[in-house]
Amino acid sequence: MANDTLLIKHSGTGKQVEYPLLKSTLGADTVEIRNLYRDLGCFTHDPGFVATASCTSKITYIDGDNGILLYRGYPIEQLAEHCEFTEVAYLLMHGELPNERELLDFDLEISDRAIIHESLRKFFDGFHYDAHPMAMLVGVVGSLSAFYHSEMNIKDPVQRLRAATRMIGKMPTIAAASYRHSVGRPFVYPRMDLNYCENFLNMMFSRSSQNYIDQDHYIDQDFVKALNLLFILHADHEQNASTSTVRLAASTGANPYACVAAGIAALWGPAHGGANEAVLNMLAEIGSVDNVPKYIAKAKDSEDPFRLMGFGHRVYKNFDPRATIIRKTCHEVLSKTQTNDPLFELALAVEEHALKDEYFIEKKLYPNVDFYSGIIYKALGIPVDMFTVMFAIARTSGWVAHWLEMMEEASTPISRPRQLYVGPAQRDLAAIKNR
Ligand code: CMC
């Protein structure tokens, strides 16, 4: 695997060592420095893991400079155009696209696992009516481990796959239950005759007096299509903060439900999955097109903590290919729903101003996927505080794919970063009366 090497010289001791450069299929090669401390007595310092590959993976590839995103080698544009979300989930988990039979079986298994235990359903009654749906999601997904105690042998590949499929199946049910609880509506059971996205919409929006799906079994396929697209775009994104959290938790041998719950918690932050909710809140704060220049100026002011939410990305320094795909769908959904939402006009004004602004051009800050996803969710009737939950439903497929990949490795050392200690040197304590 190793061809080239990297020579590192310690200028203090004069000692030098040569480390192998591991070859990637695509993108940057990686220097293997795990023996650095042993060889030279120092660590590497890389806060935020800007230049650190924490693992090897075959799942997702991102070329941030050229706006390329591949799942298992397939361009996101092709997957978005031709696939069902569950097909993509299968691809992420198994490495290959399913054939018709395999997809049928997978879909059946996912639907079969969508139901949640009645006791778990009752958990929701314990939450306050205004609990944030993400708070409920973290708690309830973590609690799944209490329901499958006898099936948590992470060394058993069959049990692992079952746990992974179970989470993909149950996530929409738990997500919809969080919403229903927050608006005081009764829980809607999953239906096996509906596909993944239809089922979710039905569990969200059915009322006892009016089914979301009418008697002719009609469900707005444009809504289903838009949701399917959003789920595909959010399914995986290599070693992002939440996926790295899942991997870090998994490195301890924790059960998969606990690992995914940890991922959900990490996703919640506004710099990550919480950005779609933050975009809508930001647009509400900006209020009108007239205020856009003022807020652009605030975003540029280094003294002001305000940032343009939905702009910028750690990896994409050109454009986010997901944003390009989603922008078009955003227009389609809005024209379909005849929504003359002033927020959309405002979003376009923010986008236009920022894209022309020297600060954003120079720092390569482009709209990311979450700049548009929230607007689509809003048009579909999804409440703002459910946006990150929507992201979590989709990303579960990526989290479990990474967890499965990790569990298949011969050895998975516990993730235990080191630090650059800058605290006080060793000192002796003084008696309390002398301090
Ligand atoms: N508005 C204004 N300035 C920004 C923004 C922004 N949205 N993003 C970055 N900058 C500036 C930042 O102030 C810094 O300036 P300087 O060099 O003068 O200190 C420079 O650009 C680099 O920023 P950074 O925070 O060092 O870049 P990063 O790669 O660590 O952060 C980011 C990436 C996504 C956290 C950041 O761009 C951000 O906070 N964006 C807004 C939140 C957001 O939309 N997050 C969703 C990401 S996409 C969904 C996902 O994959 O999770």
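Taken together, the values in this text are just the output of simple stated rules run on the coordinates, not laboratory data. Note that the structure is predicted; figures quoted are calculated from it, not measured. We place every Cβ from the backbone using ideal geometry, glycine too, and count neighbours over all the protein chains shown.
Using mean Cβ contacts within 10 Å as the protection proxy, how do 307-320, 17-30 order, highest first?
Values: 307-320: 20.6, 17-30: 13.1.
Highest mean packing first, the order is 307-320, 17-30.
Hey, fewest Cβ within 10 Å first, where do Ile174, Ile115 land in order? Each step should come with its number before you reach the end.
Numbers: Ile174 27, Ile115 15.
Listed from fewest to most nearby Cβ atoms, that is Ile115, Ile174.
Tell me the angle of helix 387-408 to the major Cα principal axis of the chain, expressed in degrees between 0 and 90 and rounded to the nearest ten.
Once rounded, the angle reads 50 degrees.
Can you work out the Karplus-derived ³J(HN,Hα) for every residue in the range 100-105? Use 6.51 cos²θ - 1.76 cosθ + 1.60 with θ = phi - 60°, whole Hz, and x for glycine or proline.
Computed from phi, the couplings for the range 100-105 are 4, 4, 5, 5, 4, 5 Hz.
What does the charge count around Thr173 come to, taking other residues whose C-beta lies under 10 Å from its C-beta (Lys +1, Arg +1, Asp -1, Glu -1)? The partial results should precede the final answer.
On the way: positive: Arg113, Arg121, Lys170; negative: none.
Result for the neighbourhood of Thr173: +3.
Run through the range 374-435 and list the chymotrypsin sites (Phe, Trp or Tyr not before Pro) located in a DSSP loop whose Cβ has at most 11 other Cβ atoms within 10 Å. Please report the intermediate quantities before stating the final value.
Numbers: sites: Tyr377, Phe387, Phe391, Trp399, Trp403, Tyr421; in loops: Tyr421.
Those that pass, being in a loop and sparsely packed, are Tyr421.
So who's got an amide H within less than 5 Å of the one on Gly274, skipping anything under 5 residues away but keeping other chains? H placed 1.01 Å off N, in plane.
Gly269
Kindly give the semi-axes, whole Å and largest first, of the ellipsoid equivalent to the range 1-145, taking each as the square root of 5 times a Cα gyration tensor eigenvalue.
With the √(5λ) rule applied to the range 1-145, the semi-axes are 42, 25, 14 Å.
Between Arg418 and Val384, what is the label-to-label distance in nm when each label sits 7 Å out along the Cα-to-Cβ direction?
So the label points at Arg418 and Val384 sit 4.6 nm apart.
Where the centre of each part is set by its Cα atoms, how far does the range 283-342 sit from the range 1-62, in angstrom?
37
Taking the Cβ of Leu348 as the center, what net charge do the other residues with Cβ under 14 Å away carry, scoring Lys and Arg +1 and Asp and Glu -1? Let's see the in-between values first.
Numbers: positive: Arg327, Lys328, Lys356; negative: Asp341, Glu345, Glu351, Glu352.
Counting the neighbours of Leu348, the net charge comes to -1.
Could you order the peptides 90-103, 266-279 from most to least packed, using the average number of other C-beta atoms within 10 Å per residue?
On the way: 90-103: 16.1, 266-279: 21.7.
Order by mean packing, descending: 266-279, 90-103.
Which entries of Lys298/Lys336; Lys155/Lys225; Lys58/Lys328; Lys298/Lys363 have Cα-Cα distances beyond 26 Å here?
On the way: Lys298/Lys336 35 Å; Lys155/Lys225 37 Å; Lys58/Lys328 30 Å; Lys298/Lys363 16 Å.
From the list (Lys298/Lys336; Lys155/Lys225; Lys58/Lys328; Lys298/Lys363), the Cα-Cα distance tops 26 Å for Lys298/Lys336; Lys155/Lys225; Lys58/Lys328.
Net charge within 11 Å of Asn291 by Cβ-Cβ distance, Lys/Arg positive one each and Asp/Glu negative one each, not counting Asn291 itself?
So the environment of Asn291 carries a net charge of 0.
Would you report the distance distribution of C-alpha pairs in the range 5-53 as whole percents per 10 angstrom bin, up to the bin with the largest distance?
Histogramming the range 5-53 at 10 Å steps yields 23, 50, 24, 2 percent.
Per DSSP H run of n ≥ 4, the term is -39500 (n - 2.57); total these for the chain, divide by its residue number, and report the mean residue ellipticity at 222 nm rounded to 500 deg cm²/dmol. Present the calculation step by step, with values, prior to reporting the outcome.
Working: 18 runs with 217 residues, N = 435.
Helix contribution divided over all residues of the chain: -15500 deg cm²/dmol.
Relative contact order, percent, of the chain when contacts are C-alpha pairs under 8 Å separated by at least 6 residues?
Numbers: 582 pairs, mean separation 85.7, N = 435.
Computed over the chain, the figure is 20 percent.
Please give the per residue volume of the convex hull enclosing the alpha carbon atoms of the chain, rounded to a whole number of Å³.
Details: hull volume 93.2 nm³, N = 435.
Roughly 214 Å³ of hull volume per residue.
Viscosity 0.692 mPa s, temperature 37 °C: Stokes-Einstein D of the range 297-435 from its Kirkwood Cα radius, in µm² per second?
Numbers: Rh = 19.3 Å.
Diffusion coefficient, whole number: 170 µm²/s.
Can you pull the one-decimal nm distance between simple spin-label points at Ala271 and Asp193, each 7 Å off the Cα toward Cβ?
4.9
Give a residue-ordered list of calculated ³J(HN,Hα) values for the range 73-90 (Karplus: 6.51 cos²θ - 1.76 cosθ + 1.60, θ = phi - 60°; whole Hz; x for Gly, Pro).
Per residue, the Karplus-derived 3J(HN,Hα) values read x, 8, x, 4, 4, 5, 5, 5, 7, 10, 10, 8, 4, 5, 5, 5, 4, 4 Hz.
Mind jotting down the three principal axis lengths of the range 227-310 based on Cα atoms? Whole angstrom, largest first.
Reported extents, whole Å, longest axis first: 52, 34, 18.
Based on alpha-carbon centroids, what's the gap between the range 355-392 and the range 118-184 in Å, whole number please?
Distance between centres, Cα-based: 27 Å.
Can you list the residues, at least 5 places off or on another chain, whose amide H is less than 5 Å from the amide H of Phe311, using H built in the peptide plane?
So Phe311 has HN proximity to Asn368.
What order do you get for 191-202, 253-264 when each peptide is scored by the mean count of other beta carbon atoms within 10 Å, highest first? Could the numbers behind the result be given before it?
Numbers: 191-202: 19.6, 253-264: 23.6.
So the order, starting with the most tightly packed, is 253-264, 191-202.
In the range 299-403, which GluC sites (Glu not before Pro) fall in coil by DSSP and have 16 or fewer other Cβ atoms within 10 Å?
Values: sites: Glu303, Glu332, Glu345, Glu351, Glu352, Glu358, Glu362; in loops: Glu303.
When the GluC sites (Glu not before Pro) of the range 299-403 are filtered for loop state and at most 16 Cβ neighbours within 10 Å, Glu303 remain.
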